[in-house]
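The values are calculated or read from the model by the stated rules, or taken from the named source; none is laboratory data. Remember, it's a predicted structure, so these values are computed and weren't measured experimentally. Note that we place each Cβ from the backbone using ideal geometry, even for glycine, and neighbour counts take in every protein chain shown.
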């Protein structure tokens, strides 16, 4: 039962994925990429912050990774 | 620059575009920061607040001054980069009253490119005079950006178009003869009566009164001021669009044509300048 | 609309031999202007395929616990238009104290230092903290990415990471391949990473579940040394890990981007924390003994991550959700929101909120009841216990000049460990067994 409940928490995420899955033609033309081209719109727009946050959360919490590789690289956990 | 600016390059290479975007925006910013009359600490403001003293200038400023002098001489004093001070009398948006002739005469004493002393190393303006490269600055920026783009784009023949607020330069490496209209950039002119043009190679610049003019007592006063009299030029065309090899030239032709007032057409015809004129 | 076809080239005015026209004089003057200023333009080009640097300084401080300073230096350059090289150097230094896993008591407690050389006392009613570690760490990251070929849809990234501190070192390698589809509106990527880490703590690693030998309990130094040595395991322990990361990035529309990742991480080896202990208490809640913790030798974690980035009128919202689950029965949920608001002159404000929640590892226990059998795995490390945390932050960025910009970020982190519902032994009611942790950190970034 616990396992089922745990898996149910994934539903919102799966719903997001499934809705998008049906849209293979989604996107923009190359000339409409003005906003997307901004460095602030990059997936990893603040690598320095990301690096520091990942390090802090890795040493203070049990989970790591998700956005990028989980590997710690330090003995802090 | 206070107007929309864009660079269009015919290429699929995103990284190449990003690099050029960086280079071109840096160059435009550089020129704007250096010569904008709205900044308080740049070279231009130093020159304008020198109060009769001598300010050190660099080669770029020296060359711009030389060019301004050439236009001053050739236009018989009508194109004068020191005439900006007249602007305070003419707001044009809500002109309440026509300025007093005495006030204008006083202002005229602080105008006159011929009163400027400059060398390759420094400049000194008479007290109270202010210069401003607004008349050729944007066109100069277009040409500088075109130079940067040409240096990078000619390798793979990536055609480009530079548009800084209506002053344009286009380059087509494959067609030096412009029969292939499908390949050309279609540029719409502000005055819808002019339709649009196919631009393949060369520069386009427009001068117009459409945005800044007012009517009083049945007379239309344009924003173009005659630096020798202090009063607006009479009967300038509504807009003049000129074509030339470089944007600086195209801009100069259109400005000079406007300054001719009712003689704009004959000026352009006699000089055999490619143009589109709207009254 | 009238289509006007204009012939745009400069007409030859050489035919007009009557006078040197205004037009030709101007043309000469314009050419002079533009060619004279050529050098300044070309000079700009030299800096282009250059290096972009960024640096960061972090000052981190927990209330009464750990303080840290970290410095990052990053250099990036583009080679041959599509190749990107990134070099990152990190230096950090930690001081302060960290919870050792033992619970608070109404009496003074004494603990041996991890190396066995010396001991420390903790006052009654306070959370036991070990301040032995004062460590400095250095790390180097290298990464190289490029297209498989100039016109390719495929991009590969190779990376390596080396880290060294006094008693720990780590080296990892990673490789990733990404392919763009549908005019690069969709990107699918797969990455693999392996790491080899090694612990070499001073005084060797303790043997899990053995009792901590405390000097005060022994008549002589020699006898104590013998007892302490008996708790010692190997001088060096290894941890190996392998990870898989699959990603799907999708452009939704002109202003929206989404990313979904699935990660699988497998760690094996010495996963125990050699510095953590568990209090063994009697029916009255009084600690009788401390035993070294012991964790399983393998851990497998699955993660699911979803991100949405949307460009609004004058701001960008970045929202992500991450779910992880592992075979230690730790489930976590993370919600992270950044809202970048653009202001004048290239500056911005970016508020940040993060919620985090985790469930306890199945072998986590706040303490061990003396009457119970010692389980094979047990740990009182609050970091694998049940807890939630919240982060509130604000960042301000501005342009220093046309080539340099800076950012300042202030974050507040509050961690709230929760009771796992184990029966509270009488005698412990007045004690805080789940102390909250507060941390503040300030970070300054500089880009040049």
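Miscellaneous remarks
- Check on residue B:186, within 13 Å of chain C (Cβ to nearest Cβ) and either farther than 30 Å from residue B:85 by Cα or modelled with pLDDT under 85 (or both): yes
- Selection from region C:325-347 of residues that are in contact (Cβ under 8 Å) with a residue 24 or more places away in the chain and out of contact with any helix residue (DSSP H, G or I) (no Cβ under 8 Å at 6 or more places or on another chain): C:326, C:327, C:329, C:332, C:333, C:339, C:341, C:342, C:345, C:346, C:347
- Condition met for residue C:180 (farther than 18 Å from residue C:264 by Cα and surrounded by 14 or more Cβ atoms within 10 Å (Cβ to Cβ)): yes
- In this structure, residue C:121 does not qualify as under 28 Å from the mean Cα position of the chain (by Cα), more than 14 Å from every other protein chain (Cβ to nearest Cβ) and over 30 Å from residue C:77 (Cβ atoms).
- Answer from B:176, B:252, B:229 - the residue that is at pLDDT 75 or above, surrounded by fewer than 23 Cβ atoms within 10 Å (Cβ to Cβ) and either within 12 Å of another protein chain (Cβ to nearest Cβ) or assigned to a loop (DSSP other than H, G, I, E, B) (or both): B:229
- Test: residue in region B:9-20 that is in contact (Cβ under 8 Å) with a residue 24 or more places away in the chain and away from every other protein chain (no Cβ under 14 Å): no
- In region C:211-224, residue farthest from the chain's Cα centre (by Cα) [restricted to those that are loosely packed, with under 15 Cβ neighbours inside 10 Å and closer than 24 Å to residue C:280 by Cα]: C:219
Per-residue answers, yes or no, for (1) within 12 Å of another protein chain (Cβ to nearest Cβ); (2) touching a residue at least 60 places away in the same chain (Cβ under 8 Å); (3) buried (at least 18 other Cβ atoms within 10 Å of the Cβ); (4) more than 22 Å from residue C:129 (Cβ to Cβ):
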{"position": "C:404", "(1), (2), (3), (4)": "no, no, no, yes"}
{"position": "C:432", "(1), (2), (3), (4)": "no, yes, no, no"}
{"position": "C:439", "(1), (2), (3), (4)": "yes, yes, yes, no"}
{"position": "C:445", "(1), (2), (3), (4)": "yes, yes, yes, yes"}
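- The condition (being assigned to a strand (DSSP E or B) and under 30 Å from residue C:230 (Cα atoms)) is satisfied by just one residue among C:89, C:73, C:53, C:111: C:111.
- Filtered residue count, region B:53-72, keeping only those that are more than 17 Å from the chain's Cα centre (by Cα) and without any contact (Cβ under 8 Å) to a residue 60 or more places away in the chain: 2
- Failed item in (1) under 30 Å from the mean Cα position of the chain (by Cα); (2) at pLDDT below 90; (3) part of a loop (DSSP other than H, G, I, E, B), with residue C:127 passing the rest: (2)
- Within region B:37-52, the only residue that satisfies the criterion of being in a loop (DSSP other than H, G, I, E, B), free of Cβ contacts under 8 Å to residues at least 60 places away in the same chain and surrounded by 15 or more Cβ atoms within 10 Å (Cβ to Cβ) is B:42.
- Spans of strands (runs of 3 or more DSSP E) in region C:153-208 with at least 2 residues under 30 Å from residue C:228 (Cβ atoms) and in contact (Cβ under 8 Å) with a residue 40 or more places away in the chain: C:186-199
- Within region A:29-77, being in a loop (DSSP other than H, G, I, E, B), modelled with pLDDT of 85 or more, out of contact with any helix residue (DSSP H, G or I) (no Cβ under 9 Å at 6 or more places or on another chain) and facing another protein chain (nearest Cβ under 7 Å) holds for one residue alone: A:43.
- So residue C:279, is it farther than 30 Å from residue C:134 by Cβ and touching a strand residue (DSSP E or B) at 6+ places or on another chain (Cβ under 9 Å): no
- Pick from region B:261-279, criterion in contact (Cβ under 8 Å) with a residue 12 or more places away in the chain and either closer than 19 Å to residue B:229 by Cα or assigned to a loop (DSSP other than H, G, I, E, B) (or both), ranking: farthest from the other protein chains (Cβ to nearest Cβ): B:262
- Residue match in region C:36-52 (condition: buried (at least 16 other Cβ atoms within 10 Å of the Cβ) and either modelled with pLDDT of 80 or more or on the phi > 0 side of the Ramachandran plot (or both)): no
- With respect to the conditions (1) within 20 Å of residue B:47 (Cβ to Cβ); (2) in contact with a strand residue (DSSP E or B) (Cβ under 8 Å, 6 or more places away or on another chain), residue B:67 lacks only one, and its number is (2).
Every residue, every condition in (1) away from every other protein chain (no Cβ under 14 Å); (2) surrounded by fewer than 15 Cβ atoms within 10 Å (Cβ to Cβ); (3) over 22 Å from residue B:29 (Cβ atoms), yes or no:
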| position | (1), (2), (3) |
| --- | --- |
| B:66 | no, no, yes |
| B:70 | no, no, yes |
| B:81 | no, no, no |
| B:105 | yes, yes, yes |
| B:120 | no, yes, yes |
| B:124 | yes, no, yes |
| B:128 | yes, yes, yes |
| B:136 | no, no, no |
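- If you go through region C:235-255 and pick out every residue that is over 21 Å from the mean Cα position of the chain (by Cα) and either facing another protein chain (nearest Cβ under 9 Å) or under 12 Å from residue A:69 (Cβ atoms) (or both), you end up with 8.
- Screening C:118, C:125, C:101 for residues that are on the phi > 0 side of the Ramachandran plot and crowded, with 17+ Cβ neighbours inside 10 Å leaves exactly one candidate, C:101.
- Residue match in region C:211-233 (condition: under 26 Å from residue C:165 (Cβ atoms), within 14 Å of chain A (Cβ to nearest Cβ) and at pLDDT 90 or above): no
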